[in-house]
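Only the coordinates and a few stated rules stand behind these numbers; no lab work does. Because the structure is predicted, anything quoted here is derived from the model rather than measured. No Cβ is skipped: glycine too gets one built from the backbone with ideal geometry, and neighbour counts run over all protein chains shown.
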Amino acid sequence: DRISELPQRILQQILYHLSQEEAVRTSVLSKSWRYDWCAQEFHLRISLDDSEPASASLLEKWIPTLTNKCMKKFCLSIRSEHDLESIHPPSVVFEAELLQDLQVEELTLDRKAIDRIIHFKHLKTLHLLDFRIVEEIFRKIISRFPLIETLHVEDCRGLRKIEVNELHCLKDLYFIEYDLVERDEECRSIEVYLMQRWRSRNWVGPSFSVPERRGESNTHAVMCDGFWRFDVV
Amino acid sequence: MAAETGTPTTLTLKSNDDELFSVAESAAILSVTIRNMVEDGCAGGVIPLDNVDGKTLASVITYMNGISAIPADEEKKKSYRDKFLSDKDFETLADMVLAANYLNMSCLMDAVSAKIAQVMEKKSVGWVRRKFGIENDYTPEEEAAVKEEHKWTFEGVETDDDN
């Protein structure tokens, strides 16, 4: 039939215009369609809510489906609807090996969570927003994402020091400290450690942004030799 | 490219069934394939387009002329594309998308792909197979297994008798 015989480039363009569910559903059409959808980029945005288990179960359905295939790009954004610090990301998130882009918002990442994190060899962007984390956990999380290129850390309570020396691919570090209005003493001063040996043949250095809040920032960049841009937004 | 001053340049395109078409260079260069030929100075004589038949080429040229007559206004261009494709059947759309791919016309390729996707939207597997003549080469067991794997993507889809 004509549609199945179209070149992959065109079929991919057609699948691109379908919703993600519909693109996956085409795998049932015939054998030649079985894996066509895998070459698409997938973006999942999920709100987790204790009172609504459906969203977590949706995640449990999607992630294994996507992880088994050779996805072109897989991006995930999860957040909790409430400011409840007790909500953990479902463990299935940490099994999504092919994930390239992860955004975590208002969730708790603690020892319980990191025990389950596998090595994310494909993750290039990590965006951590509005959550509580301690330095040790942060360091462990970072170590599981060795190829990270973009790291955004925003409003994270409990984090005083960011060390990114081991992130050899880092190109963009964006950091906004926790709003000090709650007088959380433990994050009065934050130090960001950058490495000196960001020098490879194609070295451009990461860009590093620290937006200044309320005219008074307690953020210091330490060992900032070698970065390409320093923005105080 | 050595554009002559004053008169607009016209190119001659030849389909694979030997039909000749004249088209203004300014419209024809919507095709990156043709634009490259023009820029490399190999568009002087007749440009043979071996992968496009006369009927499809006529349609593509209508599109080239139509869309290049619209000034930079994405809304108007979009509504022109929608109208242009509205009465085309799938066979014609398939010819157009193949031609757009060969001629490297991303805006046409995208518009036709979207139109084909629109036909498949919210339809059952059985309906899509019938519509496009796709032969189901799964055994019933294999099909059930694939469906089971993606079971949840079938939630809320219209079902029909053979599905």
*Could you say whether any residue in region B:8-21 is in a helix (DSSP H, G or I) and free of Cβ contacts under 8 Å to residues at least 24 places away in the same chain?*
no
*Which residue, of B:W127, B:W152, is within 9 Å of chain A (Cβ to nearest Cβ), surrounded by 12 or more Cβ atoms within 10 Å (Cβ to Cβ), part of a helix (DSSP H, G or I) and not acidic (D, E)?*
B:W152
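Using the structure shown, decide if B:V60 is surrounded by 21 or more Cβ atoms within 10 Å (Cβ to Cβ), among the β-branched types (V, I, T), more than 14 Å from chain A (Cβ to nearest Cβ) and not in a helix (DSSP H, G or I). Let's see the steps before the verdict.
Working: surrounded by 21 or more Cβ atoms within 10 Å (Cβ to Cβ): yes; among the β-branched types (V, I, T): yes; more than 14 Å from chain A (Cβ to nearest Cβ): yes; not in a helix (DSSP H, G or I): no.
When the stated conditions are applied, B:V60 does not pass them.
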*Given the structure, is B:L93 under 23 Å from A:I3 (Cα atoms) and within 11 Å of the chain's Cα centre (by Cα)?*
yes
